[in-house]
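Colleague: Got a structure for you, written out below as structure tokens; questions coming shortly.
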Amino acid sequence: MIQEQIVKEELLVAKKKSAKPMLWVSMISMTMFFAGLTSAYVISMKRDDWVSFDLPSAFYVSTFLIIASSIALFLSQKFLKNNKRQLSLILLVVTFLLGIGFVWQQYVGFNQLKSIGLFFTGPESTVSTSFIIGITFMHVLHVLAGVFVLLVVIYNHFKYKYKSDNMLGFELGAIFWHFVDILWIYLFFFFYFIR
């Protein structure tokens, strides 16, 4: 019985040591993926059929929402470390709702592009809109993965799986969420300044 407990504790320590490095490796590969896409965007700007346009207003709103979500998640983590579970859970749910709001505003932004005649594919599409919509859509998929991660963190938080001295799952979810936040800020400013 004691030996079984020791083995469980050793497995938990090994899991903690490997979880964060594995997450960082996956985030580095995602960064390289988006760096490749934005590089292709820059190279394609030299084409004769390149069309410049202003970003949809919904992209500005979504930028505000995702930054607010990261702030809420940061505060949630701080409250959990200080054993203020109720405040932490409320801010975790706020983070989730802001994430859903971000995804919705991205959809609104796609529709705003369509309303001015800029499409992803088809005879009316342009290289620039195909790039912006494609890159943004790939980011939205990562945010949806982050929203799912937030649901898992909320569920585990509700089940009292996190404590001030055992927050690995919460920390991993927070790292990933902050990563997609920073990634969107990069993409937003990239599209804002490079058109």
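Colleague: Using the basic label-point model (7 angstrom from Cα toward the beta carbon), what is the Y192 to W50 distance in nanometres?
Modeller: Spacing of the two 7 Å Cα→Cβ label points: 2.0 nm.
Colleague: Once both labels are modelled 7 Å past Cα along the beta-carbon direction, what's the A145-F64 spacing in nm?
Modeller: The two pseudo-label positions are separated by 2.9 nm.
Colleague: Let me ask something additional. If you plug each phi of region 95-109 into the Karplus form 6.51 cos²θ - 1.76 cosθ + 1.60 with θ = phi - 60°, what whole-Hz ³J(HN,Hα) values come out, in order, with x for Gly and Pro?
Modeller: 4, 4, 5, 5, x, 4, x, 4, 4, 4, 5, 5, 4, 4, x
Colleague: Of the peptides 176-183, 24-31, how do they stack up when ordered by the mean number of other Cβ atoms within 10 Å, highest first?
Modeller: 176-183, 24-31
Colleague: With +1 assigned to the C-beta of every Lys and Arg and -1 to the C-beta of every Asp and Glu, and no other charges, what is the dipole magnitude of region 32-193 about the Cα centre in debye, to the nearest 20?
Modeller: Computed charge dipole of region 32-193: roughly 740 debye.
Colleague: Farthest toward the dipole's positive end in region 32-193, which of I100, F53, V149, given Cβ charges of +1 (Lys, Arg) and -1 (Asp, Glu) about the Cα centre?
Modeller: V149
Colleague: Determine the alpha carbon to alpha carbon distance for each of K16/K161; K81/K159; K16/K84; K16/K81; K84/K161 and list only those over 21 Å.
Modeller: Result: K16/K84 exceed 21 Å.
None of the figures in this text is laboratory data; all of them are computed from the coordinates on show. The structure displayed is predicted, hence computed values, not measured ones. A quick note on method: Cβ atoms are made from the backbone with ideal geometry, for glycine too, and the neighbour counts reach across all protein chains shown.
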